[in-house]
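Worksheet: one structure, shown below.
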Amino acid sequence: MAVDTQTGGRSATSGQIDGRYSLSVGRPEKTSPSGWEWKLLTDLARLETGHTPSRKHPEYWDGDIPWVGIKDATSNHGLKIADTYQHVTQLGIDNSSARVLPANTVCLSRTASVGYVVVMGRPMATSQDFVNWVCGDQLDYNFLKYILLSEKDSFLRFASGTTHQTIYFPEAKAFHVCLPCLGEQKAIANILSTLDDKIELNRKTNETLEGIAKALFKSWFVDFDPVRAKAEGRPTGLPDEISDLFPDSFEDSELGEIPSGWSTSQIGNHLETLLGGTPSRKKHEYWGGAIPWIGSGMVNEFRVIKATEMITEEGLANSATKMLPRGSTLIAITGATLGQVSMNEIEVCANQSVVAIKPSTSLGTEYVFLWVKSNIDLLINCQTGGAQQHVNKNDVNNMPLLLPPPSVLERFSDMAAPVFKKITEGLFEQESLSSIRDLLLPRLISGELRVPDAERMLEEVGI
């Protein structure tokens, strides 16, 4: 039974563009797997679009109705979202073409950033940058989500436009999906969701662990809570052997008020910094080797655990890039990623938009990383340039550095190092789970791999 579209406008295109697995504009010629069938998506789900209430009317905004924009999709790709960056009022809905859609609506970004997928965790509206599907009783919303996720490489083939690539509604209305019966849809979605849930739990656990380390660092080395407590005659809340390491007064410094007996300096006086480089792209023999190399975009990541590209020994020897030991603090120094800070969990080289601070046994890997991350504004304030702002290696070397006594640093490392170790272990487990999910996704969603075989594969790896 057809599910009426609510988008209006032009009717479906009569053209035909194949996707990679189980999605196509128009009905494809290829044979479906046994027990599967190609169907018009709008026969299975109600197609909806969104709209943006007028920004000239503040009363249309900051209400209690979540409103999905491109930022929500790019930051939550593949996830079910419970909330959004912006909200609208019922008055904004009533005075626009936006509609409040039910929970479990599947949303696909169709313009600007094409191909991002989210699922509504509760009733929400969206901008006009999305095509949205409210699934009927013969289509599992999670199965549709995974079809769309598996076809990200296909969406630019479905799109057109000069300034911005856009999937227009005649193409969206002509989407066909290949799918099995509802029970098998749910079984496939359950396998993939189980992996995604483990990945998401792992990510949240790592965020919590990072928060614990940051909170301890802030308490000791930014707010100086133990020193303030002792200065005011209050208990520090720390064991006596740790509390005794902190003074009970402050003194002035270039960084402002710091604990008495502590000192300040600059990063370059105590730590070795390295600027990256890029092997010549004209020399094919410099690329495709066994040495991990990253661009500054990777410094956006929580931690660096994989390469952007691989270079050869010859590429390493004939360029300015250098091997960065595991545990280096990485700083992006130019462009859109300026001021991003990360840490490499593998030995890696970097390009010239990255300055690395090598690990320090005297100050501690954890202290250096968290000091830079907490005080990155001191570096960003040094930026220069016109269209592309940047800082340089000397700016990193000149960045102020607080020097607590070795006894305090040692105690901090004793507490922070196990937390950092758990984060690292969690990241590699997350990467392993993601690799398994990415391997299974196209094979399951295309019918190449059947549910019992996938379940046996997961049992063999302990999932």
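The values are calculated or read from the model by the stated rules, or taken from the named source; none is laboratory data. From a predicted model like this one, the values you see are computed outputs, not experimental measurements. Neighbour counts are summed over all protein chains in view; Cβ atoms, including those assigned to glycine, are modelled from backbone coordinates with ideal geometry.
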Checklist entry - Which one of the conditions (1) buried (at least 16 other Cβ atoms within 10 Å of the Cβ); (2) touching a residue at least 12 places away in the same chain (Cβ under 8 Å); (3) more than 24 Å from Glu200 (Cα to Cα) does Ala454 fail to meet, given that it meets all the rest? => result (3)
Next on the checklist: Taking the conditions exactly as written (of a type in the set (Lys, Arg), surrounded by 13 or more Cβ atoms within 10 Å (Cβ to Cβ) and over 16 Å from Phe412 (Cα atoms)), does Arg234 satisfy them or not?
Outcome noted: no
Checklist entry - Any residue in region 356-377 that is touching a strand residue (DSSP E or B) at 6+ places or on another chain (Cβ under 8 Å), more than 24 Å from Leu255 (Cβ to Cβ) and among the β-branched types (Val, Ile, Thr)? => result no
Item to check | Single residue of Leu370, Leu363 found to be within 23 Å of the chain's Cα centre (by Cα) and modelled with pLDDT of 95 or more | outcome: Leu370
Next on the checklist: Given the criteria within 21 Å of Leu363 (Cβ to Cβ), outside the structural domain of Ser319 (by TED's automatic domain parsing) and of a type in the set (Lys, Arg), does Lys214 qualify?
Outcome noted: yes
Checklist outcome for this item: Wholly inside region 157-249, helices (runs of 4 or more DSSP H) that include 2 or more residues that are within 30 Å of Trp262 (Cα to Cα) and of a type outside the set (D, E, K, R) are 182-221, 225-231, 240-243
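Here's the yes/no breakdown for (1) on the phi < 0 side of the Ramachandran plot; (2) not hydroxyl-bearing (Ser, Thr, Tyr):
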site	(1), (2)
Ala320	yes, yes
Glu345	yes, yes
Val348	yes, yes
Ser360	yes, no
Gly364	no, yes
Asn375	yes, yes
Checklist entry - Hey, among Ser150, Ser109, which residue is under 21 Å from Leu44 (Cα atoms) and out of contact with any Leu (no Cβ under 8 Å at 6 or more places or on another chain)? => result Ser109
Checklist entry - From the list Leu216, Leu192, which one is at pLDDT 95 or above and in contact with a Lys or Arg (Cβ under 9 Å, 6 or more places away or on another chain)? => result Leu192
Checklist entry - In region 411-463, what residues are closer than 17 Å to Gly211 by Cα and among the aromatic types (Phe, Trp, Tyr)? => result Phe412, Phe420
Checklist outcome for this item: Scanning region 130-151 for residues that are more than 17 Å from Gly183 (Cβ to Cβ) and assigned to a loop (DSSP other than H, G, I, E, B) gives Glu151
Checklist entry - Is it true that some residue in region 268-275 is assigned to a helix (DSSP H, G or I), surrounded by fewer than 16 Cβ atoms within 10 Å (Cβ to Cβ) and not hydrophobic (A, V, I, L, M, F, W, C)? => result yes
Item to check | Tabulated pairs, region 297-323, first touching a residue at least 60 places away in the same chain (Cβ under 8 Å), second of a type in the set (Ser, Thr, Tyr) and not in a loop (DSSP other than H, G, I, E, B), C-beta under 8 angstrom, 6+ apart or interchain | outcome: Phe302/Ser342; Arg303/Ser342; Arg303/Thr424
Next on the checklist: Among the residues that make up region 400-413, is at least one of them in contact with a helix residue (DSSP H, G or I) (Cβ under 6 Å, 6 or more places away or on another chain), acidic (Asp, Glu) and not assigned by TED's automatic domain parsing to the domain that holds Leu144?
Outcome noted: no
Item to check | Any hit, region 12-25, residues being touching a Cys at 6+ places or on another chain (Cβ under 7 Å) and buried (at least 19 other Cβ atoms within 10 Å of the Cβ) | outcome: yes
Checklist entry - For region 383-410, how many residues are over 15 Å from Val354 (Cα atoms) and either at pLDDT 90 or above or surrounded by 15 or more Cβ atoms within 10 Å (Cβ to Cβ) (or both)? => result 13
Checklist entry - So is Gly261 surrounded by fewer than 16 Cβ atoms within 10 Å (Cβ to Cβ) and either part of a loop (DSSP other than H, G, I, E, B) or touching a Lys or Arg at 6+ places or on another chain (Cβ under 9 Å) (or both) or not? => result yes
Item to check | Test: residue in region 422-431 that is closer than 27 Å to Lys204 by Cα, more than 20 Å from the chain's Cα centre (by Cα) and aromatic (Phe, Trp, Tyr) | outcome: no
Next on the checklist: Ile242 - would you say it is of a type in the set (Val, Ile, Thr) and either under 20 Å from Phe412 (Cβ atoms) or touching a residue at least 40 places away in the same chain (Cβ under 8 Å) (or both)?
Outcome noted: yes
Checklist entry - Among Thr205, Thr194, Thr264, which is of a type in the set (Ser, Thr, Tyr) and within 21 Å of Pro400 (Cα to Cα)? => result Thr264
Item to check | Test: residue in region 365-374 that is assigned to a loop (DSSP other than H, G, I, E, B), in the same structural domain as Phe302 (by TED's automatic domain parsing) and either in contact (Cβ under 8 Å) with a residue 12 or more places away in the chain or within 30 Å of Ile242 (Cβ to Cβ) (or both) | outcome: no
